[in-house]
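Asker: Structure in structure tokens, see below.
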Amino acid sequence: MSTLAQLSLTAIGFSSLHPDSIERALVRLEHSLVSSKMASFSIEEFVGDGVLKGLIPKLLDEGWDDVPTLKIMNTDDMDALNMTEPEKDALEIRSYLHDRALMQYGDRLESSGKCLSELLNLSTVQLSSQFGMKRGHIARFMDRTSAFADHLPKSHPTPAATGRMGLLSKNTSIQRSFQSVNSQKILSKLPTRTSSINGKSLEQSLASFKIRDGYIFKGIVAMEPAEPRACGCVQPDPVADKVAPYSTIENISVQKLTPEYKIGMEHLVKTKTPPMKASELWRNKPAVILCIRRPGCIMCRAEAHQLYAKKPIFDSLGVQLFAVLHEYMESEIKDFWPRYWGGVVLYDRGMEFFKALGGGKLLKEKFLSGFIFNPRARANYKRAKAMGIQQNFKGEGEIKGGLFVVGGGRSGIAYQFIERNFGDWAPPAEVIEICAQLKQ
């Protein structure tokens, strides 16, 4: 038994148990530790202890140095790397598991010697007995559609929603209507890379997020306007109904805490970088700025994970991805990056991005009114929980986050989303569509 396991068992009160009981507890503990790798963006955790482990140096040399990019590798790419059939099968299996947050089964499924199609043809009993797969995980594994695919939210036009359609900062030069969508110009410029892993090219991936004509953008707020809670006894706080002026974000002072993740990188910037103006981030290229309420929050981690998983799409559109924290806790950053977010992480000491989301003031809500009495927040929690994501309760969790899409140079804020309910995500289709329009 490892020292770490002994200390962990002692800490949770198992030190006085019979040795057999301790061994059973150890198995559960080790399973929970493995489960924390469920869909990490760390290459080392993605490849596990299988045949791909020895391929890491070659992947690095050829530029396959982050998980989202690795997952779109096609047959020609594999042949160019002289990958063996077992290596191809392993990549296919692990990419499939990563999409479904089932990476804890990666080593076991790969070592079976079966390819993905053969594994998918196994019965429930076989998956359970041979690989120890839980019943709920079997259902997720057997679902051949993407288990956590993002669907466009249903549109419920309201006078307020209609007024928000295509909202843009008034001081921006990007004055376009986003009601009518024509992605063909964008698609024609994208590289054709059909992946043998998921059967989709980048073109098809982008097309799957295409917004239909007449779609009502959620824009400033999530879903429909917030409703009274606890039988009308609790009223939600009002939120800003206009996109923040560009002037409120261009001079924000931020500090870089992590680089964009690549194989073998240090998990934190060793030497603290000097503060920089936020406008330097998007000087040459548009940027998506994801403001994280709390990096240990299960819903924040789920949002970050599903956004960064689409990195190849944003890369093809020439858009950068940044996550912003309002609180510096080194242990929390290490847990968050690169497992749930493989992009650059920034520290906003003055919480200025978060104030801009709230029209000049921080949007805060107590746990009781914002979660316990809020059915939408609880639904968001269940969605994140279903992804198998771990959580903790460290840090400030009442300051609400959100997202900005900022055009390159001084072109302004093209899109803004506020986390009205705890765990609200900016609809991915909206974010991608705005970025596609910026590329045009």
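Coordinate-derived values only; no laboratory data. The model shown is predicted, which means the values in this text are computed figures rather than measured ones. Here Cβ is always computed from backbone atoms with ideal geometry, including for glycine, and neighbour counts include all displayed protein chains.
Asker: Set the Förster distance to 41 Å, then compute FRET efficiency between SER279 and ASN82 from the Cβ-Cβ distance, nearest 0.05.
Answerer: Given R0 = 41 Å and the Cβ-Cβ separation, E is 0.35.
Asker: OK, next. Rounded to the nearest 5, what is the percent of antiparallel bridges among the DSSP beta bridges in segment 272-431? Could the numbers behind the result be given before it?
Answerer: Details: 11 of 20 bridges.
Given both bridge residues lie in segment 272-431, the antiparallel proportion sits at roughly 55 percent.
Asker: Determine the sum of side-chain charges near GLY409: Lys and Arg each +1, Asp and Glu each -1, restricted to other residues whose C-beta is under 15 angstrom from that of GLY409. Don't skip to the end; give the middle numbers.
Answerer: Details: positive: LYS277, ARG283, LYS285, ARG410, LYS439; negative: GLU250, GLU280.
In short, +3.
Asker: What distance in nm separates the two pseudo spin-label positions at MET329 and THR124, each 7 Å out from Cα along the beta-carbon direction?
Answerer: 4.0 nm
Asker: While we're looking at this one, here's another question. Taking 0.36 nm per intervening residue step and subtracting the Cα-Cα distance, what contour gain separates ASP49 from LYS385 on full extension?
Answerer: Here the answer is 118.3 nm.
Asker: Could you calculate the contour length gain from ILE372 to LYS262, that is, 0.36 nm times the residue separation minus the distance between their Cα atoms, to one decimal place in nm?
Answerer: Extra length available between ILE372 and LYS262 comes to 35.7 nm.
Asker: Please give, to one decimal in nm, the separation of the simple spin-label points placed at LYS394 and ARG108, each 7 Å out from Cα toward the Cβ.
Answerer: 2.9 nm
Asker: Given R₀ = 30 Å, what would the calculated FRET efficiency be for ASN251 paired with ASP315, taking r from the Cβ atoms and rounding to 0.05?
Answerer: Result of the calculation: an efficiency of 0.60.
Asker: For segment 413-427, in order, what is each residue's ³J(HN,Hα) by Karplus, 6.51 cos²θ - 1.76 cosθ + 1.60 with θ = phi - 60°, in whole Hz (x at glycine and Pro)?
Answerer: Calculated HN-Hα couplings, in order: 8, 8, 6, 9, 9, 10, 6, 5, 9, 3, x, 5, 10, 5, x Hz.
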